[in-house]
Amino acid sequence: MSRPENQMPAELFYNEDEAKKYTSCSRIIDIQSQMAERALELLNLQEDNCILLDIGCGSGLSGEMISEEGHFWIGMDISRPMLEVAVEREVEGDLYEFDMGQGFSFRAGVFDGAISISALQWLCVAAKKSHNPFKRLLAFFQSLYTSLRTGARAVLQFYPENKDQLEMITNAAMKASFAGSLIVDYPHSAKAKKMYLVLTAGDPGGSYNIVTTTGREREEEDVGNEEEKVAVLKSSSKNIRKIGYERKGKPKVKSREWIEKKKERQKRQGKEVRPTSKYTGRTRSGPHF
């Protein structure tokens, strides 16, 4: 089956029918939420109330995870139907309809970090005759670099189709003066394998090259011990610091504790919320319609 980005432009692929899946399909919701949580873990924010950019925010699933962590966020996406779903879901971030391949003009240094889930690979194909994939990637990375404060990170989860796309992405990131690492979770699992490009906005002007190393093995609940391969984007002067994989103790998404915390946060923001009852967070038994 052809990959979505090879079928049609993103603004056409993510139509109303496709957007509805992000509110009705529990599998999609769970996967997107898990990847967003992993991206935030790799972002390694040291302070609360940070301002983050969610690139390809879609229906706001990743934005909900940002809000759950106590941060503010701005989301951008090329699909109007997906953004309309986010509005219907009453997400807490500000939303913008925009093509990330054109670059963006947020105030310099305004963001404390950025995440992107399953969006970057869309820039690797020429959806229109006027599109040049590398130039669009470069415009994206240059504007992202400018919008991040010095030392801030961007964590971009994506699905490259092949090695050529992966090389094109990393070359564009380095040309925009980013340093960082490519972290591969579950590299030996066809279904669970995930790639996260972890970039740091430092001082421009350094020369960068890619060094491939083998990461440590770690044990996960569903997968077991798996070797992580890490491709490190290293500057000529110093390597980036190691990224920890320890998971924080957080309530499960949509659990009663998660819902109560979200309601408390919304109350502090002056929003009206429904009262908590004995049914709050309870899993419904029987068939779902």
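The values are calculated or read from the model by the stated rules, or taken from the named source; none is laboratory data. Fair warning: this is a prediction, and the values are worked out from it, not measured in the lab. Note: ideal-geometry Cβ built from the backbone for every residue, glycine included; neighbour counts use all protein chains shown. The area values use the complete protein model at the heavy-atom level, side chains included, leaving out ligands, DNA and RNA. Shrake-Rupley method; radii C 1.70, N 1.55, O 1.52, S 1.80 Å.
Some points to look at:
- In terms of its alpha-carbon gyration tensor, region 67-213 comes out rounded; the largest-to-smallest axis ratio a/c stays below the 1.5 threshold.
- Across LYS21/LYS267; LYS163/LYS193; LYS20/LYS135, pairs whose alpha-carbon gap is larger than 26 Å: LYS21/LYS267; LYS20/LYS135
- Rounded, prolate or oblate (a/c below 1.5 giving rounded, otherwise prolate when a/b exceeds b/c) for region 73-129 by Cα gyration tensor: oblate
- Solvent-accessible area per residue, Å², over region 12-136 with all protein chains present [probe radius 1.4 Å]: 46 Å²
- Heavy-atom accessible surface of region 115-197: percent carbon and sulfur, 1.4 Å: 51 percent
- For the pair VAL273 and GLU18, a Förster radius of 25 Å applied to the C-beta separation gives a FRET efficiency near 0.25, rounded to the nearest 0.05.
- Here ASN49 and ILE28 are evaluated by their C-beta separation; at R0 = 35 Å the FRET efficiency comes out at 0.75.
- Shape call, region 57-106: gyration tensor on alpha carbons, a/c limit 1.5: oblate
- Stokes-Einstein diffusion coefficient of region 1-124, Kirkwood radius over Cα pairs, 37 °C, 0.692 mPa s, in µm²/s: 223 µm²/s
- Label-to-label distance, nm, for residues given as ARG107 and GLU260 (7 Å Cα→Cβ offset): 3.8 nm
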